[in-house]
Amino acid sequence: MTKKLILPFLICFSFATWSQEDIDSTNLLRVGYTTAPPFIVKNGQDLEGINIWLWERIAKDLNLDYELVPMYFPGMLDSLGNGAIDISINPLTITSERSKVMEFTDPFYASNSTIVVAEVSGFRKLVRFIKAFFNQNFLKGLLILLFIIFLFGLLGWYFERKANSEHFRSNYRGIWDGVWWSAVTLTTVGYGDKAPKTRMGKIAALVLMFGGLLFISGLTASIASSLTVTQLNSNPEGFNEFKERPVGTIGNSGANQFLKEHFFKEIKTYDGLVLGLQGLKRGEVDAFMYDEPILKYRIREDSTFSKLNILPVKFDVQFYAFGIAKHQTELEQRISQRILEIMETQGWEVVLNEYGLTEL
């Protein structure tokens, strides 16, 4: 009788022990990340940064067992969406599209996007100026101007060739005399070496003076307008200046979604920030748009990007949070609560200041 009771007990105990071990083995969280300074910085074999500090404190306080899994950014989002990883500790922008496939913790930092452009050399500025000066409208105006000078020069010679042969020679060389007189009159130089004496010659001169004055004023305004537009394009004041120009950003990022929603026509996506900034240096795009704190830190710390400038433009306010797989809703609530508690401590402000950030 005793043996009959002991055997079922041993079986139940073994089953319970196996079940507990199996459960414990599934508690190891897979935590995906990709470098995103100053939030995640790879220093040799070690990881540091704002998000690393925050995650390690959360994991310690909540007794979470985990393994860090390095990944590329687009692949990390896909893995989070299909449950291949449990958490992404990158500073993910909360968007409606991402919320369909993953959960988000409460945000721990608010930021915005900005624009980076390559420093323009003096030679490129000169080329832009020449292109702006000799644009299509300018060349049309120049041809019309030459036609006016030749036409009135011909008329002046025709009216003056007999009565004023001293100034307008009667042979074919007199045509040059008329063209010279027409150019001097139209430009208001007024050398006085040639002047009409006949009535028709003087009428032609009046039409040339007043009509030419109006035409040259319009041509001057057109050139000034073209140069002004070029100057504005060289020193843009907002992201709308780039809607017709090729721009770069990171694929699957909040900035990429923002640019699509605001009808940017030429968007080139990159797999990483460094690749995008290198593409900007090579001239593949006219500007690179991404999260401001990440751009500032990378350009400040990497001397190879010293010729890149961040424009004083801020747009697309973003809220950073950890991404959690859909099946980990309970874990998301626990982590969110701990994030809120940590953000109320002075240690959080110290960490932000250490990496040159402040609360928005």
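The values are calculated or read from the model by the stated rules, or taken from the named source; none is laboratory data. This one's a predicted model, so the numbers in the text were calculated from it and none came from an experiment. For neighbour counting, all protein chains shown are included, and Cβ atoms are generated from backbone atoms with ideal geometry for every residue, glycine included. The protein model used for the area step is the full one, side chains on, heavy atoms only, and it has no ligands, DNA or RNA in it. Shrake-Rupley method; radii C 1.70, N 1.55, O 1.52, S 1.80 Å.
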| Search result, residues across the stretch 288-311 that are among the acidic types (Asp, Glu) and under 18 Å from Asp271 (Cα atoms) | Asp291, Glu292
| On the given criteria, is His262 under 24 Å from Leu80 (Cα atoms) and either in contact with an Asp or Glu (Cβ under 6 Å, 6 or more places away or on another chain) or not small (Gly, Ala, Ser) (or both)? | no
| query | Between residues in the stretch 311-327 that are in contact (Cβ under 8 Å) with a residue 24 or more places away in the chain and in a strand (DSSP E or B) and residues that are open to solvent by 30 Å² or more (accessible area, probe 1.4 Å) and among the β-branched types (Val, Ile, Thr), which pairs lie under 6 Å by C-beta distance while being six or more apart or on different chains? | reply | Phe319/Ile94; Ala321/Ile94
| Is it the case that some residue within the stretch 140-149 is in a helix (DSSP H, G or I), closer than 30 Å to Val120 by Cα and either among the charged types (D, E, K, R) or modelled with pLDDT of 85 or more (or both)? | yes
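Does Ser225 satisfy the criteria of being over 23 Å from Arg282 (Cα atoms), open to solvent by less than 70 Å² (accessible area, probe 1.4 Å) and at pLDDT below 80?
Numbers: over 23 Å from Arg282 (Cα atoms): yes; open to solvent by less than 70 Å² (accessible area, probe 1.4 Å): yes; at pLDDT below 80: yes.
Criteria met by Ser225.
Conditions (1) surrounded by fewer than 15 Cβ atoms within 10 Å (Cβ to Cβ); (2) under 17 Å from Thr35 (Cα atoms); (3) of a type in the set (Val, Ile, Thr), marked per residue:
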site	(1), (2), (3)
Leu77	no, yes, no
Asp86	no, no, no
Ile94	no, no, yes
Glu97	yes, no, no
Lys100	yes, no, no
Thr105	no, no, yes
Ala110	yes, no, no
Ile115	no, no, yes
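Looking only at the stretch 170-187, count how many residues are outside any helix (DSSP H, G or I) and more than 57 Å from the chain's Cα centre (by Cα). Steps first, please.
From the stretch 170-187, those outside any helix (DSSP H, G or I) are 170-172, 187; that's our starting set.
Subsequent filtering for residues that are more than 57 Å from the chain's Cα centre (by Cα) retains 170-172.
Going through the stretch 170-187 one residue at a time, the tally reaches 3.
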| query | Of everything in the stretch 150-167 that's outside any helix (DSSP H, G or I) and of a type in the set (D, E, K, R), which residue is least open to solvent (accessible area, probe 1.4 Å)? | reply | Arg161
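Among the residues in the stretch 77-85, are any touching an Asp or Glu at 6+ places or on another chain (Cβ under 9 Å), part of a strand (DSSP E or B), closer than 30 Å to Leu357 by Cα and at pLDDT 90 or above?
no
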| query | Under 7 Å by Cβ, and 6 or more places apart or on different chains, what pairs join a residue from the stretch 244-263 that is in a loop (DSSP other than H, G, I, E, B) with one that is of a type in the set (Lys, Arg) and open to solvent by 10 Å² or more (accessible area, probe 1.4 Å)? | reply | Glu244/Lys265; Pro246/Lys268; Phe263/Lys243
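Of the residues Val285, Val274, which single one is out of contact with any strand residue (DSSP E or B) (no Cβ under 7 Å at 6 or more places or on another chain) and either among the small types (Gly, Ala, Ser) or at pLDDT 90 or above (or both)? Lay out the reasoning, then the answer.
Working: Val285 fails: out of contact with any strand residue (DSSP E or B) (no Cβ under 7 Å at 6 or more places or on another chain).
Of Val285, Val274, the one residue that is out of contact with any strand residue (DSSP E or B) (no Cβ under 7 Å at 6 or more places or on another chain) and either among the small types (Gly, Ala, Ser) or at pLDDT 90 or above (or both) is Val274.
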| field | Condition check for Lys265: open to solvent by 80 Å² or more (accessible area, probe 1.4 Å), under 27 Å from Tyr290 (Cβ atoms) and at pLDDT 85 or above | value | yes
| said: Regarding the stretch 50-59, can at least one residue be identified that is modelled with pLDDT of 55 or more, outside any helix (DSSP H, G or I), within 25 Å of Ala84 (Cα to Cα) and open to solvent by less than 60 Å² (accessible area, probe 1.4 Å)? | reply: no
| remark: Residue set Leu64, Leu80; condition touching a Ser or Thr at 6+ places or on another chain (Cβ under 7 Å) and within 21 Å of Asp106 (Cα to Cα); output residue Leu80
| query | Which one of Gly323, Gly347 is under 20 Å from Ile50 (Cβ atoms), open to solvent by less than 80 Å² (accessible area, probe 1.4 Å), out of contact with any strand residue (DSSP E or B) (no Cβ under 8 Å at 6 or more places or on another chain) and of a type in the set (Gly, Ala, Ser)? | reply | Gly347
